[in-house]
Amino acid sequence: MQKAARHSIPRGFNPTYTPCLDEECQDLLKQYEESGDPDIADHLMESLNAARQHCWEELTSKMNFTHSSRKSWALICRLSAAQQPPNSTHPSVSANAVAAHLIQVAKAPHDKKFECQVRMQGRTLLQQMSDKSLPHSFTEEEISAALQKTKPATAPGYDNMHVEFLKNLGPKARTWLSKFFSRITATHFIPKIWRKATVIAVEKPGKDPSLAANCRPISLLSVCYKLLECLAL
């Protein structure tokens, strides 16, 4: 899948995004690039400013602190961040410092007796399971329905698999994926790479970014693992 993605997905091109650039503004921009007429440029700026004014009025009119204040406060925070950009003079914390801090604060007490007891109970439960109690096999239709519910443009996990790779699979690949998921649930064996996660550190707003304690870790899991979880629920 990664080989097909490298062959089919173009690399190295980031389109320039212009806010509120609707179809009318795009036509005016194309006419200006062809002719270079300053009158068309003035008309383009007027149309673009009008579109931005309309978007701003529509956005502010939907602000409601009584019904749902989360979106309103999020908009205010974004506007405040735009007025006060973050200071880039602070040195960023290293990955080793964040990892050391996570190990220190997330270290749980190790109880070997309890872990051994849980393993034994799990093995006993698997031995007592009959063929009738085994989970049913997943179908291609279930895979397609789960992929439709999956959010696009999410960050990949440790295996570097994007959700768009799965959404653009053909019928044969989805059939193979359904058999693969069914075998995982039948054998109770999860691939080792799914147990790993890519951890990124996000700076807490208003905190000193040079300290590891002021970074919030976020674990990026495999999208294949999350798709299997969606199927099992």
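Return yes when LYS149 is of a type in the set (Lys, Arg) and modelled with pLDDT under 90 and no when it is not. Spelling it out, LYS149 is indeed of a type in the set (Lys, Arg) and modelled with pLDDT under 90.
Given the condition among the basic types (Lys, Arg) and more than 21 Å from SER8 (Cα to Cα), answer yes or no: does some residue in segment 163-182 qualify? There is at least one residue in segment 163-182 that is among the basic types (Lys, Arg) and more than 21 Å from SER8 (Cα to Cα). Out of segment 210-232, which residues are surrounded by 18 or more Cβ atoms within 10 Å (Cβ to Cβ), not polar (S, T, N, Q) and not in a helix (DSSP H, G or I)? Across segment 210-232, the qualifying residues are CYS215, LEU221. On the stretch given as segment 144-176, residues that are more than 17 Å from LEU221 (Cβ to Cβ), of a type outside the set (Gly, Ala, Ser) and not in a loop (DSSP other than H, G, I, E, B) total 7.
You will find that of LYS204, LYS196, LYS192, the residue that is under 30 Å from ILE103 (Cβ atoms), among the basic types (Lys, Arg) and touching a strand residue (DSSP E or B) at 6+ places or on another chain (Cβ under 9 Å) is LYS204 and no other.
In summary, VAL199 fulfils each of the numbered conditions (1) under 30 Å from ALA213 (Cβ atoms); (2) part of a loop (DSSP other than H, G, I, E, B) with the single exception of condition (2). The number of residues in segment 31-58 being more than 17 Å from THR18 (Cα to Cα), among the small types (Gly, Ala, Ser) and in a helix (DSSP H, G or I) comes to 1.
For segment 203-233, which positions are within 23 Å of LEU177 (Cβ to Cβ) and not aliphatic (A, V, I, L, M)?
Selection gives SER222, CYS224, TYR225, LYS226, GLU229, CYS230.
The values are calculated or read from the model by the stated rules, or taken from the named source; none is laboratory data. Predicted model only: the values in this text are computed from it and were never measured. Every residue, glycine among them, receives a Cβ derived from its backbone with ideal geometry; neighbour counts consider all protein chains shown.
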